[in-house]
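**Q** Have a look at the structure that comes next, please.
Nothing in this text is a laboratory measurement; each read-out follows from the coordinates by a stated rule. Predicted model, so just to flag it, every value in this text is computed and none were measured. In this analysis, Cβ positions are derived from the backbone assuming ideal geometry, glycine residues included, and neighbour counts consider all displayed protein chains.
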Amino acid sequence: MMREKTYVVSTLLSVLVILSAVGMFNYWQDPAEIFSKEDHYQAFTEALADGDNIVVSGNYDERLFRKSMISTQRNNPEVVVFGSSRVMGIGVEAFDNKCRIMNLAVSGAGLQDDIALWWLYQKSEVSSKSKTIIIGLDPWVLNANSGDDRWKRLADSYEDALQDWGELEKTSIDFNKVNQLFSISYTRESYKKWRSARKSLNVCVDIDDIAAGDSLLLPDGSRIWSQKDNALDAKTEAHKYVSGKIYQIENYNELDENLKKQFELWIENIIKQGYRVVFFFPPYHPYVYDCLQENQKYAEVFAAQEFFTDFAKEHGIVVLGNYNPSEMGLEDKDFIDGMHLRRNSLTQWLMNNNAVMK
């Protein structure tokens, strides 16, 4: 009996030691920088404010980066962009008058991200100079089952906004960070980072020396995709995109009523403060769009676009773009993958519609 107890205790202690070691290693390497604090990015966002470019070589916490961007911004932007990576390519060259722009898009942005970043921005010193707010509207922003909880990095700002609008929300504990500490997949990424010893972000010294897999953040916050991304075969990537679960629109059973209400409050708050609002629907690759249209389980994608369009009509909001690429005159060659436009194609299309964005 004594031996059995000793065995159980020693086994538990061994497991505890292993878990502790894994947790410490993951916290130390932190490949996605989910344990970073806002000031971790201050030197880089100040570099952007000074007109430097930032080389992106790995994962980083985009949400905290954008929060830091807002606090260090000095150029008094006239146009501010919110949305997901699908609108990260919107930069100053999309406007013929080369107006000042600030792109605050984050990968996989949900409504919570947009609201939190808007709340931070409209409280900043530079917000009073802005005239136009461009919002990239992905169909998943009204999907309560999107499965993406990265917005919790900005939970305090999101909840501050809701409380100010009379919509109280309880704080969500971010268990994801704890899970990542002991995640096998995160340990693999930690090991890769440890082996490569490359920093996720660096101030760009020579644009000609950027590695093929590195992307570039410009002073306006927009992003230039890497050479590797631009070399992808869009048709092949589009087929991959729909071969499994489609990004953030699985289990999309209905337009969530709570999210719809929050969306309406957010847009009405922007309009109330005197800003001009422009909705932009980022298109899907032609093959992806056809697949979505042919499968009834993705019907809410089109219901979301209809809801946004009707809301825009009721509030006199300009609407640009369409989830359907053919409605925008776009083809396979204009895409990088199943849901991202090439920066040049996005820029050219926006320039052709520049009059309605001013």
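**Q** Given a Förster distance of 25 angstrom, what is the FRET efficiency for residue 123 paired with residue 49, based on the Cβ-Cβ distance and rounded to 0.05?
**A** The calculated FRET efficiency here is 0.90.
**Q** Does anything in region 235-261 have its amide N under 18 Å from the 7 Å Cα→Cβ label point of residue 297, and if so which residues?
**A** Residues 239-255 fall inside that zone.
**Q** Now for a separate question. How big is the charge dipole of region 40-135 about its Cα centre, in debye rounded to the nearest 20, if each Lys and Arg gets +1 on its Cβ and each Asp and Glu gets -1 on its Cβ?
**A** 240
**Q** Could you size up the charge dipole of region 318-358 around its Cα centre, putting +1 on the beta carbon of Lys and Arg and -1 on that of Asp and Glu, and report it in debye to the nearest 20?
**A** The calculation lands at about 240 debye.
**Q** Compute the distance in nm between two label points, each set 7 Å from the Cα along the Cα-to-Cβ direction, one at residue 202 and one at residue 320.
**A** Inter-label distance under the simple model: 3.4 nm.
**Q** Can you count the Lys pairs in region 255-358 whose Cα atoms are under 19 Å apart, with each pair 8 or more apart or on different chains?
**A** Step by step, the pairs that qualify in region 255-358 add up to 7.
**Q** Evaluate the relative contact order of region 235-356 (contact order divided by residue number), counting alpha-carbon pairs under 8 angstrom at least 6 apart; express in whole percent.
**A** So the answer I get is 36 percent.
**Q** Further, regarding this structure: Once both labels are modelled 7 Å past Cα along the beta-carbon direction, what's the residue 78-residue 251 spacing in nm?
**A** If labels sit at residue 78 and residue 251, their model points lie 4.5 nm apart.
**Q** Within the P(r) computed for region 250-358, what percentage of the Cα pairs occupies the region above 23 Å?
**A** Values: 2186 of 5886 pairs.
Cα-Cα pairs in region 250-358 separated by more than 23 Å: 37 percent.
**Q** Quick check on packing: order 291-304, 84-97 by the mean number of other C-beta atoms within 10 Å, highest mean leading.
**A** 84-97, 291-304
**Q** Gain in length, residue 98 to residue 156, computed as 0.36 nm per residue apart minus the alpha-carbon separation, to one decimal in nm?
**A** Roughly 17.4 nm would be gained on extension.
**Q** Residue separation times 0.36 nm, minus the C-alpha to C-alpha distance between residue 306 and residue 216: what's the value? Can you show the working numbers first?
**A** Working: separation 90, 0.36 × 90 = 32.40 nm, distance 3.43 nm.
Going from the current span to full extension adds 29.0 nm.
**Q** Another question, if that's okay. Can you tell me which of 74-82, 313-321 comes out highest on packing, and rank the rest after it, using the mean Cβ neighbours within 10 Å? The partial results should precede the final answer.
**A** Working: 74-82: 19.9, 313-321: 14.9.
My ranking of the peptides, most packed first, is 74-82, 313-321.
**Q** Can you give me the Cα centroid spacing of region 301-340 and region 272-293 in angstrom?
**A** Cα centroid of region 301-340 versus Cα centroid of region 272-293: 3 Å apart.
**Q** Follow-up. Could you order peptides 305-312, 259-266 by the average number of other Cβ atoms within 10 Å of their residues, highest first?
**A** Details: 305-312: 16.2, 259-266: 17.8.
Most protected by this proxy first, the peptides run 259-266, 305-312.
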